[in-house]
């Protein structure tokens, strides 16, 4: 490909990238059009530099670092891009035997990943007949005083549940982390009240710093009220997180119903499904 064609195609890719960035920035109903524009730009760049492994590897590495550090919710897509960059370099420098060994290890890793994702995906929906006396709402990040998008989605799931089952009581669970001006429990409490849930239907657990603590401390609140959590608890969380939350609850001796929060942006959710495989592996190995 001569230089004029290279610059032409790179110019087209740049326009596509700018279009994708504009759609991301503006958000709204056309947000998802950013993804095919980004994919088209990527295909063009890969085709232009397919014979130059160094530039191609560098581009994947740069894209990976951007996804990791500049875009919230795309970190694991960034890790994948960085991994592809490393594979391109490895293909250039590894011997044939070492390259084949690496491919075998990657295939084993992909197979294991698929095995782990099966229960995660299977449990990423609301259980049938989830009505319980108590609904534990698992916390997520708060930016200053404002619930993160993940936490808002969980609160939307909690709101729908509480409106559907007016006798249920919510336990909003989450302590105060770095960058948070208030506890996650307080942020959830305020959000639910602002959206019409009476204060007497909301209990706050504001000490937990992990999912296991969310559940332990919430179960303690239920027992302090003279009730037992077994068969009396539903858990609302992000769809990708429900399997791990329910398994932790089971490890604590409580069978809980799962309530899946509404999905957020599709590729952000896929990022968290990828991440969840590592969380589940840690739970399987260490029990927490």
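Throughout, read-outs are computed from the coordinates displayed, never taken from laboratory work. All values derive from a computational prediction rather than experimental measurement. Note that we place each Cβ from the backbone using ideal geometry, even for glycine, and neighbour counts take in every protein chain shown.
Among 155, 70, 203, the largest mean-square fluctuation in a Gaussian network model of the chain (Cα springs under 10 Å) belongs to 70. The value of relative contact order for the chain, using C-alpha pairs under 8 Å at least six residues apart, is 17 percent. Note on residue 92 and residue 68: with the Förster distance fixed at 22 Å, the Cβ-Cβ geometry gives a FRET efficiency of about 0.40.
If you restrict to DSSP beta bridges whose two residues both lie in region 134-286, what percentage is antiparallel, to the nearest 5? If I count the DSSP bridges inside region 134-286, around 10 percent turn out antiparallel. Cα-based values for region 1-95, radius of gyration first and Dmax second, are 14.4, 49 Å. Fewest neighbouring Cβ atoms within 10 Å first, the residues 171, 46 line up as 46, 171. Annotation: extensible slack from residue 252 through residue 99 equals 50.6 nm (criterion: 0.36 nm per residue apart, minus Cα-Cα distance). The order of 45, 116, 259, 110, going from fewest to most other C-beta atoms within 10 Å of their C-beta, is 110, 116, 45, 259.
Build a GNM of the chain with springs between Cα atoms under 10 Å apart, and of 235, 182, 103 the one that fluctuates most is 103. Per-residue Cβ neighbour counts within 10 Å put 241, 189 in the sequence 189, 241, beginning with the fewest. Beta-bridge orientation, the chain: approximately 10 percent antiparallel, per DSSP, counting only bridges with both partners inside. Calculated mean residue ellipticity at 222 nm for the chain: -20500 deg cm²/dmol, from DSSP H runs with n ≥ 4 weighted as -39500 (n - 2.57), summed, divided by the residue count and rounded to 500.
Could you state, as a whole-number percent, how many of the C-alpha pairs of region 141-288 are farther apart than 21 Å? So the portion of pairs separated by more than 21 Å is 43 percent. The length gained by stretching the chain between residue 267 and residue 21 to full extension, at 0.36 nm per residue less their Cα-Cα distance, is 87.0 nm.
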